Amino acid sequence: MPLDPAAVASEWLASFSAAVGSSDSKQAAETFLPDGWLRDILVFTWDIRSLEGRERIAAYLAGTLAVSGISEVALDQDPSLTPRTFDVHGAGTVGVEVAFTFECAHGHGRANARLVPDGDGKFKALTLLTELRDLPGHEESKTLPLRDDITGIPGRDMQEDFANWVKEVEAHPHVLIVGGGQTALQIAARFKQMDIPALVVERNARIGDSWRKRYPSLTLHTVRRHHSLLYQQYPSNWPEFTPRDKIADWLESYASTQDLVVWTNAELKVKPIYNAETKDWDVTILREGFEVKLRPAHIVIATGTLGEPNIPDIPDVARFSGHVMHSQHFAGGAPYKGKKAVVVGAGNSSIDICQDLVLRGAESVTMVQRSETCVLSREYVSGMLRAAFPEDVPLPVADFRWGSFPLGLLKKLSIADQQAMWDANKEVHDKLRKGGLKLGMGPDGQGIYLLTLERGGGYWLDKGGSDMIGDGRIKVRSGVSPERFTETSLVLSDGSELPADLVVFATGFVRMREASAEVLGHEIIDQTDEVYGLDEEGEIRGSYRPSGHPGVRLHSFSKGR
């Protein structure tokens, strides 16, 4: 008899609903597999948590279930989220995925569960995501506020209404968002739809300038469906991999299209002061040379996961007669035609710059690799992303499903399946090994996606660099590090010298929390938690979570759309 996903979903949902309705944490935990996962986003607490195993799930729910107020549990009526079957990875069996909605003490919630048969054939949750979808009184609007047609309504003028709203936000923002990149703008767009006044301040002259200032060959390595922005998908003829200038211009147009209130050429002049009694900040913004005083209740630091360039302190750099720069300031390889170039580092920026230098006619290009790098083919990773974000599934649905999978479980599965990554990328790896590059899948064998979340470096997606390394156009010096400069070379830790006219340090950036101390001051930052990397539960530290200090959040990346 064929499996009926709707019947399986309804039976499990009835058991789960009964357990939460009676505030029975042990009974609720029994609806999971013994090694099942609960990922909770703002439903049971005002934090993001991941719990593995019935014991931890029961302990978590014991202190939160009774006050969660979960009620009105029902199958999600979105036609794209009807119960469906899926193949259980490595188990040779079929599971059922089900989405449902509910009400809770914090607001309106939704959930997604992956049900798998246990040893007795009874379906239990392998994963369950519970997520706060809307705040009461601040439900997300489906259309741009103040833009509906008001023709014929006495005393109303759309342009005047909108201009007055902008003035009010500028004078009295509830949230001040520092930074004007993709994370900051999407947060502002979400707040706007929730009727939460938010002001974005960006120190550059234009939105997108942080991208325009990067090296010209920079192109996003994920498919466009993966890096599309909230509410605003790319045109159907958009490049599959977005180049630097296109993303910069798209961000600028996004701010305009989404009616965001943005100040450019603006930054915090002095470190803000928090008033614990009034629960707001005393902020001074320097905007185009003029001081502006504001009192927002919240400050969101969204200046990017990475802070200022990390440049190693190499002795005798003043002796060097060539050019030395960080990858952030590399403006392209054309000026170095016929020159000897050394690129220190072996990540995404390094291979991009090495390729550009080769294609622009550098006499020699050498990559200095201190430790092993995780390299996967861009097409290999793109295939997985296309499967996760298919063209025939609405992006909000694909995002919801993607975010419902606990990162801790993903890491375990990736480690267990790492041989498949080696096998699928053998051709690329053979070329890289031939050129002397040291390869790895991360300290635990977790692969490239988890490395981006844990380390933010030590990997690249290959788009032709392996060919250049394999045939010697890009030389690799592995297992060494820069020791000192001479007038015409870079001396390595093994005593060898690399003649150079150009040395580029593709050595990453300081972490966001460290960089944010310049904005907020150490008195504030020292009270906040770490940002980025995974905690012991497999959740990303700091981002979109309580910071440790009232009224301030540090958001290091775009958490879905």
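The values are calculated or read from the model by the stated rules, or taken from the named source; none is laboratory data. Everything quoted here is computed from the prediction, not taken from an experiment. Every residue, glycine among them, receives a Cβ derived from its backbone with ideal geometry; neighbour counts consider all protein chains shown. Ligands, DNA and RNA are excluded from the accessible area calculation, which covers all protein heavy atoms including side chains. Shrake-Rupley method; radii C 1.70, N 1.55, O 1.52, S 1.80 Å.
Here H108, H89 are screened, and the one residue that is in contact (Cβ under 8 Å) with a residue 12 or more places away in the chain, open to solvent by 70 Å² or more (accessible area, probe 1.4 Å) and within 26 Å of the chain's Cα centre (by Cα) is H89.
The residue that is most open to solvent (accessible area, probe 1.4 Å), counting only those in the stretch 146-184 that are over 27 Å from V283 (Cα atoms) and touching a residue at least 60 places away in the same chain (Cβ under 8 Å), is R147.
May I ask you to verify whether T452 is polar (S, T, N, Q), open to solvent by 10 Å² or more (accessible area, probe 1.4 Å) and not in a loop (DSSP other than H, G, I, E, B)?
yes
Which ranges mark the strands (runs of 3 or more DSSP E) fully within the stretch 250-316 that have 3 or more residues being open to solvent by less than 60 Å² (accessible area, probe 1.4 Å)? The qualifying strands (runs of 3 or more DSSP E) are 261-263, 280-287, 298-301.
Among the residues making up the stretch 10-59, those that are crowded, with 23+ Cβ neighbours inside 10 Å and among the small types (G, A, S) are A28, A29, G36, S50. For P443, the criteria (1) open to solvent by less than 20 Å² (accessible area, probe 1.4 Å); (2) without any contact (Cβ under 8 Å) to a residue 24 or more places away in the chain hold in every case but one, which is (1). Residues in the stretch 330-344 that are open to solvent by 70 Å² or more (accessible area, probe 1.4 Å) and either in a strand (DSSP E or B) or in contact with a strand residue (DSSP E or B) (Cβ under 8 Å, 6 or more places away or on another chain) (or both): 1 in all.
Do we find a residue being among the acidic types (D, E), on the phi < 0 side of the Ramachandran plot and modelled with pLDDT under 95 anywhere in the stretch 311-320? Yes, because at least one residue in the stretch 311-320 is among the acidic types (D, E), on the phi < 0 side of the Ramachandran plot and modelled with pLDDT under 95.
Among the residues of the stretch 197-237, those identified as surrounded by 17 or more Cβ atoms within 10 Å (Cβ to Cβ) and of a type in the set (A, V, I, L, M) are A198, L199, V200, V201, I207, L218, L220, V223, L229, L230.
Taking the stretch 507-531 as the range and being within 23 Å of W460 (Cβ to Cβ) and either open to solvent by less than 20 Å² (accessible area, probe 1.4 Å) or part of a strand (DSSP E or B) (or both) as the test, the residues that pass are F509, V510, R511, M512.
Scanning the stretch 405-435 for residues that are outside any helix (DSSP H, G or I) and in contact with a helix residue (DSSP H, G or I) (Cβ under 8 Å, 6 or more places away or on another chain) returns N425, G435.
Quick one: is D494 over 17 Å from V343 (Cβ atoms) and not polar (S, T, N, Q)? When the stated conditions are applied, D494 passes them. Residues in the stretch 239-249 that are open to solvent by 20 Å² or more (accessible area, probe 1.4 Å), within 19 Å of G181 (Cβ to Cβ) and either touching a residue at least 12 places away in the same chain (Cβ under 8 Å) or in contact with a Ser or Thr (Cβ under 6 Å, 6 or more places away or on another chain) (or both): F241, P243, R244, D245, D249. Pairs are defined by a Cβ separation below 7 Å, a sequence spacing of at least 6 or placement on different chains, a first member in the stretch 292-317 that is under 22 Å from I207 (Cα atoms), and a second member that is surrounded by fewer than 17 Cβ atoms within 10 Å (Cβ to Cβ) and of a type in the set (D, E); the pairs so defined are G307/E514.
Suppose the filter is within 25 Å of L115 (Cα to Cα), assigned to a helix (DSSP H, G or I) and not hydroxyl-bearing (S, T, Y); does W402 pass it? Yes: the conditions hold for W402.
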